[in-house]
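Pasting in a structure now, in C-alpha cells, and then I'll have a few things to ask.
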Amino acid sequence: MAKTANICVIIAAKNAADTIETAVRSALQEPEVAEVVVVDDGSSDDTAGTARRADDASGRLNVVRFDQNKGPSAARNHAIAISSAPLIAILDADDFFFAGRFRRMLAEDDWEFVADNIAFVDADAASLAPGRLQQFAENPLFLDLPTFVDGNISKRGVRRGEIGFLKPVMRRAFLDKHGLRYREEMRLGEDYDLYIRALALGARYKVIHSCGYGAVVRGDSLSGRHRTEDLRRLYEADRTLLKSVKLPPQAAEAVRRHERHVRGKYELRRFLDIKGQAGPLAAIAYVAGNPGAFPAIATGILADKTERLRNPGGVSVTAPGNGLRYLLSAPAK
C-alpha cells in the first residue's frame, strides 16, 4: 500500500463465492487502495468467508454481511457509511481490476468522477485477459449530461454497449456535499441514476480510454432479464430528475428521450407479463385500456422477432477469438 493510498473499493456481493476472491485480490494489489469493503448481501453460499480468504494481512479488508438481501444500492450505501477514504471505487463481485488501473486514473486532479475503459472478458478466459489487454492512448474527454444520458440508450443488436457500465472513481466530498447516495429502491440502473444526479449538480465526469477494468461475462448474464418493476423505477428516476432540477433544454430533452426508451421497454415487458400470467385476451385488454402503450409494444415485438432472425444465436458481449471487446473504442498506443 502506498503512503498516499486514498481509495475505498466497494464490492456488493450476493452468492459470489466462485468469483469474490479474484475481485478482492485485484483490489488489494493496487497500492492506491486504502480500504476494500465487501458487503455480503444475504448470500446463501460462503461469499463472506471466501472474501476473507483473499485478505493480504494489510488491515485494509473489511467484510460485513447482511442477513437478508437488501439489493446492491443498500449494500453500497452501507459500505460508504462505514468507510472513510476520500475516493470511492465500485467493483462488481465477479469482475476484477487490471494491474496499474488507479495510477493512470489518478494522474490528473481535474474531476469529481473519473472512469476508464472496460474490457468484456469471457469467464472461461478471464485468467488470460491480462496478457491480451490492448494498450490505448488515454485520449481524455469529459461527459456532459446529454452525452452521458444518450450513451445509455441501448441499441438493438448490441449488448452492454451503454456508457453507464463505466465504473468511475468518485470523490466522497462531492457526494457528501450534495447528499448523494444510491436510491435503495432501485435494483436496475442505480449507477445511471446516481451519475445523472451528480452531472445535474455540476460534477466533472472525466473518461480516459486506457483500460483497467475487466467485466467478466457468463452465460447466464447475457439474458438481460430484469423485473418489470425495476424498469418502472428506472424511468421514474428520469421523471424525478426532470421535476426536481431545472435542466438546460438539451439536457432535459436527453433525459426525456431516455425516459421514453425505458418506458417503452417497461410497456413491452408489462404486456408480456400479463399475456404469460392471464392469457392473450387479458394482454389485449391491457393495450385497449392503455392505447398510449401500443406503439412501444408493437415496435418492441417486431424488433425482437427481427433480431432473432438476424442473430439466431444471440448477440455476444465478448469479442470473437482471443481478443477482448472494449466498451470504448480508441487508437492503440
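Between Asp150 and Ala123, what is the label-point separation in nm under the 7 Å Cα-to-beta-carbon projection?
Calculated label separation equals 3.6 nm.
Okay, next question. Given the pairs Lys14/Lys246; Lys265/Lys305; Lys167/Lys275; Lys14/Lys167; Lys177/Lys243; Lys70/Lys155, which span a C-alpha to C-alpha distance of over 26 angstrom in this model? Present the calculation step by step, with values, prior to reporting the outcome.
Working: Lys14/Lys246 38 Å; Lys265/Lys305 15 Å; Lys167/Lys275 37 Å; Lys14/Lys167 19 Å; Lys177/Lys243 21 Å; Lys70/Lys155 30 Å.
Where the Cα-Cα span goes over 26 Å, the pairs concerned are Lys14/Lys246; Lys167/Lys275; Lys70/Lys155.
May I have the pair-distance distribution P(r) for the range 45-127, computed from all Cα-Cα distances with 10 Å bins from 0 and rounded to whole percent?
Per 10 Å bin, starting at 0, the Cα pair percentages come out as 11, 39, 40, 10, 0.
For Glu236, what is the net charge nearby, where nearby means another residue's Cβ is under 11 Å from its Cβ and Lys, Arg count +1, Asp, Glu -1? Before the final figure, lay out the partial values.
Working: positive: Arg183, Arg232, Arg233, Arg239, Lys243, Arg263; negative: Glu185, Asp193, Glu229, Asp230, Asp238, Glu259.
Once all neighbours under 11 Å are counted, the net charge is 0.
Something else now. State the label only: which of (i) 218; (ii) 142; (iii) 151 corresponds to volume of the Cα convex hull per residue in Å³ computed from the shown model?
Structure-derived value, by its label: (iii).
Averaging the inverse of every distinct alpha carbon separation and then flipping it gives the Kirkwood radius. What is it for the range 169-214, in angstrom units?
On the way: mean 1/r = 0.0837 Å⁻¹.
Computed over the range 169-214, the radius equals 12.0 Å.
Name all residues of the range 185-202 having a backbone nitrogen under 13 Å from the label point set 7 Å from the Cα of Glu229 along its Cα→Cβ direction, giving them as ranges.
Only 185-188 fall inside the zone, counting backbone N under 13 Å.
Under the Kirkwood approximation for Rh and a Cα-based Rg, what ratio Rg/Rh is obtained for the range 92-229?
On the way: Rg = 15.5 Å, Rh = 16.2 Å.
Checking Rg against Rh, the ratio lands at 0.96.
Can you tell me the relative contact order of the chain? Whole percent, Cα pairs under 8 Å, sequence separation 6 or more. Please list the in-between numbers first.
Values: 591 pairs, mean separation 67.5, N = 333.
Answer for the chain is 20 percent.
Another question, if that's okay. Relative contact order of the range 1-94: what whole-number percent is it, with Cα pairs under 8 angstrom and at least 6 residues apart?
Values: 208 pairs, mean separation 39.1, N = 94.
Relative contact order of the range 1-94: 42 percent.
In the chain, with Lys and Arg counted as +1 and Asp and Glu as -1 at Cβ, which of these residues, Phe148, His258, Ala79, has the Cα nearest the positive end of the dipole, that is, farthest along it?
His258
Another one. Along the positive direction of the dipole of the chain (beta-carbon charges: Lys, Arg +1; Asp, Glu -1; about the Cα centre), which of Ala16, Ser244, Ser210 reaches farthest?
Ser244
What is the distance in Å between the Cα centres of the range 131-201 and the range 14-77?
For the range 131-201 versus the range 14-77, the Cα centre distance is 22 Å.
Further question on the same structure: Can you pull the three principal axis extents for the Cα set of the range 1-94, in Å, largest first?
The principal-axis extents, from largest down, are 37, 24, 18 Å.
Same structure again: If you stretched the chain out fully between Asp18 and Arg218, how much longer would it get, using 0.36 nm times the residue separation minus the C-alpha to C-alpha distance? Please report the intermediate quantities before stating the final value.
Details: separation 200, 0.36 × 200 = 72.00 nm, distance 1.22 nm.
Using 0.36 nm per residue and subtracting the Cα-Cα distance, I get 70.8 nm.
So what is the calculated 222 nm ellipticity per residue for the chain, using -39500 (n - 2.57) for each DSSP H run with n of 4 or more, over all residues, to the nearest 500 deg cm²/dmol?
Details: 12 runs with 133 residues, N = 333.
That calculation yields -12000 deg cm²/dmol at 222 nm.
Any read-out appearing in this document is the output of simple, stated calculations on the displayed coordinates, not a laboratory observation. Here the structure is a predicted model, which means the values were calculated and not measured. Because the Cβ atoms are built from the backbone with ideal geometry, glycine has one as well, and the counts that use them run over all protein chains shown.
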